[in-house]
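The values are calculated or read from the model by the stated rules, or taken from the named source; none is laboratory data. On a predicted model such as this, the values are computed, not experimentally measured, just so you know. We place every Cβ from the backbone using ideal geometry, glycine too, and count neighbours over all the protein chains shown.
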Amino acid sequence: MKRNTSWRVRKNLSLLAESPNMKNIDEETTGGINNAFSLMGNVAIVLVRPKYPENIGAAARIAANMGINRLILVGKEFPDQERMKKTATHHNTHLLDTMEFYADIKNAIAEFSWIVGTSAREGRQRRLISSPKKMIHDLLPKLSANKTALVFGPEDCGLTNDELKVCNAIVTIPTANFSSLNLAQAVAIISYELYTGILERNCDKATEKNSLKLAQSYELSGMYEQIEFALRRMNFLREHEYGYWMLNIRNFLGRIGLRAREVKFIRGFCRQLINFTNQ
Ligand code: SAH
């Protein structure tokens with residue numbers, strides 16, 4: 001870590017000392033600084049179909065401010081570079097230069113093990129909803145061992161129900177009025193909460209050594225397909241019930257956070273069921 005960065009984090013820690021959540025700030029505390037940086041290194045911001053390149057630039061800027069070094073874009077065409085760079089600064093154009101680009105969310109998040117969706121609305125289909133603080137409380141013990149994607153939707157309509165389905169948790173930022181925030185401002189609030197959450201946790205001297213490596217998103221999506229296939233082979237439900245039940249199963253298993261070997265076990269179990277129905 002660069003010397004000036006280390007200095008900045010020390011300064012941040014002393015600012016945070018005013019927080020009621022913080023315990024003693026001492027020399028040992030600053031030993032966790034490297035950890036804070038490596039933890040933020042496990043986080044990526046995923047912007048799904050953003051309409052305005054200026055919002056991408058502004059999101060890149062705040063993400064870099066908070067120590068996030070990976071920006072992923074999901075969309076049909078690569079956005080206008082000039083318009084994106086207008087709202088970034090020369091310190092963080094590296095995030096725009098290295099921005100990854102995917103046509104769909106499934107491929108964009110395939111390698112991630114913990115997916116957090118964000119939504120301005122709490123519709124009927126939108127379960128697993130929590131506040132930023134609660135989401136971060138659940139995420140922090142997992143973060144050191146698991147790549148985490150923070151997913152944000154388009155300015156006009158937000159993430160679709162299908163896109164929210166792949167998330168382990170969904171966060172709504174509480175507002176007094178008009179639930180919908182500007183995209184880059186939503187990125188700012190979530191990134192800030194995460195960064196300060198990590199610093200506070202270091203100050204509590206919590207260790208991340210018990211963090212379990214969870215299955216990656218592509219392993220889970222294969223498992224859900226296999227579960228549905230097995231249920232269909234058993235004629236377990238009526239046709240119109242599969243959508244509802246699969247969403248429940250996703251919510252339940254997604255919330256738990258399965259490990260790769262547990263996914264293999266469930267897939268093996270489904271395979272046996274399918275073989276059995278073939279006999
Ligand atoms: N009109 C859309 C809001 C889109 S705002 C809707 O009603 O859903 C663009 C994106 O910013 C959202 O998809 C979400 O990722 C984020 N966002 C905006 N307001 C938010 C809030 N209150 N809580 C969480 N995320 C929010």
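For segment 186-203, the condition holds for at least one residue, the condition being that it is within 27 Å of Gly153 (Cα to Cα), modelled with pLDDT under 95 and among the hydroxyl-bearing types (Ser, Thr, Tyr). Listed here are the helices (runs of 4 or more DSSP H) enclosed by segment 126-206 that have at least 3 residues being surrounded by 14 or more Cβ atoms within 10 Å (Cβ to Cβ) and more than 12 Å from the ligand (Cβ to nearest atom): 132-143, 183-203. Residues that are closer than 15 Å to Tyr52 by Cβ and out of contact with any Pro (no Cβ under 7 Å at 6 or more places or on another chain) within segment 77-89 comprise Glu77, Phe78, Gln81, Glu82, Lys85, Lys86, Thr87, Ala88, listed in sequence order. Criterion applied to Met234, Met246 was being under 25 Å from Met135 (Cβ atoms) and out of contact with any Cys (no Cβ under 7 Å at 6 or more places or on another chain), and the one residue passing it is Met246. Residue check: is Phe78 modelled with pLDDT of 95 or more and either among the aromatic types (Phe, Trp, Tyr) or more than 24 Å from Leu164 (Cα to Cα) (or both)? Spelling it out, it is not the case that Phe78 is modelled with pLDDT of 95 or more and either among the aromatic types (Phe, Trp, Tyr) or more than 24 Å from Leu164 (Cα to Cα) (or both). Can you confirm whether Gly268 is outside the structural domain of Ser113 (by TED's automatic domain parsing) and surrounded by 14 or more Cβ atoms within 10 Å (Cβ to Cβ)? When the stated conditions are applied, Gly268 does not pass them.
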